[in-house]
Amino acid sequence: MTRLIKIYLVSLKNSFAARMAYRGDFFLCCVLILVSEMLVPLLTMLIYSTGASFPGWNLAEVMVLQGVFMLARGTANLLFFGIVYNTLSHVREGTYDLFMIKPVSVLFISIASGFEPDSIGTIAGGLLVTAVSAGQLQPPDGADILRFLLIFAFSLLILFSFAVLMSATVFKWVGNSRIYEIFDSITSFGNYPLTIFGRTFRIIISYIIPVSVIAFYPASALLGKDISGFVPAIPVCVLFLILSLGVWKLMLSKYTSAGG
């Protein structure tokens, strides 16, 4: 375990060093990513400025939810979501064989070499939106913060499962460059309270594809709202992880060194 942690930290350090070689480009990318992530909160502010609202949620509460969503996405992109593009590019070039001959897990080395330092902008934006919005509400107590941290861990678990599942598909469909768009379309529902969706759709995004775990339940915990619906989602999150790892193992066994 100690050896794997050292490899992970060295890979992280190398990724930052590579990006900082062109600091202007790095900071510009961080800013552009942050601006693009801020479009949804700005649209929400526009909706509330017209007098409309999401049932049961005021503007500050929705801003907390969307800030948590940004924070989760940014953290996932920084730590492990680079596996998707990393796997796609190496499989397309036929160089993924180099990962398979290393004396560590193929999944681990794919994650460790796929850091995305540019996501720091998204993390900063998520923290800023969450902190400023939460400052307009009643401060959370210690129990709320603990519940938030616990559910946020499951949020990262779901995003990790998505990353592994998406990466697994590129072993078979090498030209599947639209996979990010599919992911964004599915997870975009996590930006909004469950109360705006119909009962059937709420069940789908909570207990079939647990998108609501990414931000709705962590934000609800931080805001002191009801999170009883999260408990039935826990085994769904675990099963989703097991499914993604199973698909990864199956698709990896079918890898035949594409290239071109």
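None of the figures in this text is laboratory data; all of them are computed from the coordinates on show. Keep in mind it's a predicted model, so treat the numbers as computed, not measured. Cβ placement follows ideal geometry from the backbone for every residue including glycine, while neighbour counts extend to all protein chains displayed.
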Would you be so kind as to identify which of Ser133, Ala60, Leu9 lies farthest towards the positive end of the dipole of the stretch 1-157, taking Lys and Arg as +1 and Asp and Glu as -1 on Cβ and the Cα centre as origin? Leu9
What one gets for the stretch 84-148 as the Kirkwood radius, inverse of mean 1/r over different Cα pairs in Å, is 15.3 Å
Mean Cβ neighbour count within 10 Å, used as a protection proxy, ranking 57-67, 202-212, 88-98 highest first: 57-67, 202-212, 88-98
Dipole magnitude of the chain, debye to nearest 20 (Cβ charges: Lys/Arg +1, Asp/Glu -1, about Cα centre): 660 debye
Can you tell me, using C-alpha contacts under 8 Å and at least 6 residues apart, the relative contact order of the stretch 2-253 as a whole percent? 26 percent
Most fluctuating residue of Ser53, Ser36, Ser113 in a GNM of the chain with Cα springs under 10 Å: which is it? Ser36
Distance check, please: which entries in Lys6/Lys102; Lys6/Lys172; Lys13/Lys172 exceed 25 angstrom between their Cα atoms? Lys6/Lys172; Lys13/Lys172
Given +1 on the Cβ of Lys and Arg, -1 on the Cβ of Asp and Glu, and no further charges, what dipole in debye does the stretch 168-260 carry about its Cα centre, rounded to the nearest 20? 220 debye
Ordering of 182-194, 161-173 by packing [mean C-beta count within 10 Å, highest first]: 161-173, 182-194
Rounded FRET efficiency, nearest 0.05, which uses the C-beta distance separating Ala60 from Ser185 and R0 of 22 Å: 0.20
Zone residues, the stretch 56-91, relative to Leu39, backbone N less than 18 Å from point 7 Å out along Cα-to-Cβ: 66-67, 69-71, 73-74
Could you sort the peptides 118-129, 74-85 by per-residue average Cβ neighbour count (10 Å cutoff), highest mean leading? 74-85, 118-129
P(r) over all Cα-Cα pairs of the chain, 10 Å bins from 0 to the longest distance, whole percent per bin, short to long, reads 7, 28, 34, 23, 8, 1
